[in-house]
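These notes are about the structure you will find just below.
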Amino acid sequence: MDEKREPQGIVLTEAQLKSRRQRSIAIALALGILVVLFFAVTLVKGPAVLVRPL
């Protein structure tokens, strides 16, 4: 019962793990830039954002 078990499922290579990490970082940076852009636009527009004709 003490046999070594092989990991089940898909086992990624070092190159695939590195690629996944780089892709995750790129997505996080893009999302962060988008949040900052929306925040900056909101600040530039000021309270006029809330003034809309009904």
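The values are calculated or read from the model by the stated rules, or taken from the named source; none is laboratory data. Computed from a predicted model, the values in this text were never measured in an experiment. All Cβ positions, even for glycine, are placed from backbone atoms using ideal geometry, and neighbour counts span all protein chains on display. Surface accessibility is based on the protein's heavy atoms, side chains included, excluding ligands, DNA and RNA. Shrake-Rupley method; radii C 1.70, N 1.55, O 1.52, S 1.80 Å.
Structure summary
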{"item": "Degrees, to the nearest 10: 14-45 long Cα axis against longest axis of the chain", "result": "10 degrees"}
{"item": "Per residue, in Å², the accessible surface of the chain once ligands and nucleic acids are set aside, probe 1.4 Å", "result": "109 Å²"}
{"item": "FRET efficiency for Ala30 and Arg5, using Cβ-Cβ distance with R0 set to 30 Å, rounded to 0.05", "result": "0.15"}
{"item": "Cβ charges +1 (Lys, Arg) and -1 (Asp, Glu), total dipole of the chain, debye", "result": "380 debye"}
{"item": "Positive-end residue, the chain charge dipole about Cα centroid, Cβ charges, pick of Leu43, Pro53, Gln8", "result": "Pro53"}
{"item": "Estimated FRET transfer efficiency (Ala15, Leu50; beta-carbon r; R0 30 Å; 0.05)", "result": "0.05"}
{"item": "Order of exposure, largest accessible area first, which applies to Ile10, Ile25 with probe 1.4 Å", "result": "Ile10, Ile25"}
{"item": "Among (i) 4.8; (ii) 4.2; (iii) 8.4, the entry derived from the coordinates for mean projected area of the Cα convex hull in nm²", "result": "(iii)"}
